[in-house]
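Below is one structure, written out as structure tokens; the observations come after it.
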Amino acid sequence: MTAFKGVWTRQFWTSMGGEFLAVFLFLIVSLGSTVTFPPSPGPSNTHIAFCFGLSIAILVHCFGHICEAFLNPAVALAMVCTRKISFAKGFFYIIIQCLGAVAATGVVFLVTPTDNHPVGITTVNKSISHGQALLIETLITFQLVFTIFASCDKKRKDIKVPVPMIIGFSVTIGHLFAIPYTGASMNPARSFGTSLVFNDWHSHWIYWIGPFMGGVLAAFVYEYLFCPDPERKLRFQASFRKPQNDDQEDSAQLTVQPGGEYSKLESAA
């Protein structure tokens, strides 16, 4: 199968192993930050938000050269849809991320007294509807994936702040806003791990559909609306060009010259 070409290589599975370990460490630390030990009042939303955000920043920094360090199925799907990674790589990333999330949640389950279970489950606030919760998960994932695409855009030369820090702050602000509403998942694997281990599937579909919609929408808005690749845009425009006349077809090759100016090199077929 052409789609799965290159899967059976050492480099591919090194990336998968790195992604598993990154998700595993991310969720052990982050889910652990949500545990409450009575009579302590428990962690604040700010405490949880910064733990999730800072752990993402650190792990993206540590694993970015080993694997893509997406740590999130919504990000992996957005990369597949914009053809930045292959379908096979995206598919395996999503599976590995879910396995890492289950393993991490299992460890948190084992080290946390049963009186404190469940730990870190994302739940919809009873004061809002499922539609509102879906919109919130879509929005916070949109801002996360848009931040990732904008920060990792190779065409940009103006970024002076470390990219992992930018992504970490994006996760933080998403949590600061949405924890009271939906628990601020923005990551299907994160919600899947806790739901599976603690067998709680209430409104679980929201934590897949919302992030997937938000992630893919953000990717397309950035890549094809706001900051399209100049060469890709010109190739797309060329596919709709009419022949110059009935006897000859215009086999124009569009290129991008230094400085961002477009030029057209034409030859007769």
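The values are calculated or read from the model by the stated rules, or taken from the named source; none is laboratory data. Keep in mind that what you see is a predicted model, and the values were worked out from it rather than measured. Heads up, the Cβs are rebuilt from the backbone with ideal geometry, glycines too, and the neighbour counts pull from every protein chain shown. Keep in mind that these areas ignore ligands, DNA and RNA; they rest on the heavy atoms of the full protein, side chains included. Shrake-Rupley method; radii C 1.70, N 1.55, O 1.52, S 1.80 Å.
Observations on the structure shown:
- Annotation note: of F91, F149, F142, the sole residue that is open to solvent by less than 20 Å² (accessible area, probe 1.4 Å), farther than 27 Å from G32 by Cβ and part of a helix (DSSP H, G or I) is F149.
- Selection status of T46, outside any helix (DSSP H, G or I), of a type outside the set (K, R) and open to solvent by 30 Å² or more (accessible area, probe 1.4 Å): no
- Failed condition for A133, given (1) open to solvent by less than 40 Å² (accessible area, probe 1.4 Å); (2) without any contact (Cβ under 8 Å) to a residue 24 or more places away in the chain; (3) small (G, A, S): (2)
- Residue match in segment 199-210 (condition: surrounded by fewer than 17 Cβ atoms within 10 Å (Cβ to Cβ), polar (S, T, N, Q) and either touching an Asp or Glu at 6+ places or on another chain (Cβ under 7 Å) or not in a helix (DSSP H, G or I) (or both)): yes
- Within segment 159-171, one or more residues are within 27 Å of A103 (Cβ to Cβ) and of a type in the set (G, A, S).
- Residues that are at pLDDT below 95 and more than 17 Å from A184 (Cβ to Cβ) within segment 39-63 comprise P39, S40, P41, listed in sequence order.
- Test: residue in segment 217-239 that is crowded, with 17+ Cβ neighbours inside 10 Å and at pLDDT below 95: yes
- Members of segment 106-121 that are among the polar types (S, T, N, Q) and open to solvent by 50 Å² or more (accessible area, probe 1.4 Å): T114
- Of all the criteria given as (1) in a loop (DSSP other than H, G, I, E, B); (2) open to solvent by 70 Å² or more (accessible area, probe 1.4 Å), the one not satisfied by M165 is (1).
- Sole exception among (1) within 18 Å of R190 (Cβ to Cβ); (2) touching a residue at least 40 places away in the same chain (Cβ under 8 Å); (3) open to solvent by less than 60 Å² (accessible area, probe 1.4 Å); (4) not in a helix (DSSP H, G or I) for T36, by number: (1)
- Screening the candidates V124, V75 for the property of being modelled with pLDDT of 95 or more and buried (at least 22 other Cβ atoms within 10 Å of the Cβ) yields one hit, V75.
- Residues that are over 19 Å from H117 (Cα atoms) and touching a residue at least 60 places away in the same chain (Cβ under 8 Å), drawn from segment 39-54: T46, A49, F50, F52, G53, L54
- Residues satisfying the stated conditions in segment 17-32, i.e. of a type in the set (G, A, S) and buried (at least 17 other Cβ atoms within 10 Å of the Cβ): G18, A22, S30, G32
Table: residues versus (1) farther than 22 Å from D153 by Cα; (2) among the charged types (D, E, K, R); (3) open to solvent by 50 Å² or more (accessible area, probe 1.4 Å).
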| site | (1), (2), (3) |
| --- | --- |
| Q11 | yes, no, yes |
| P41 | yes, no, yes |
| C51 | yes, no, no |
| V60 | no, no, no |
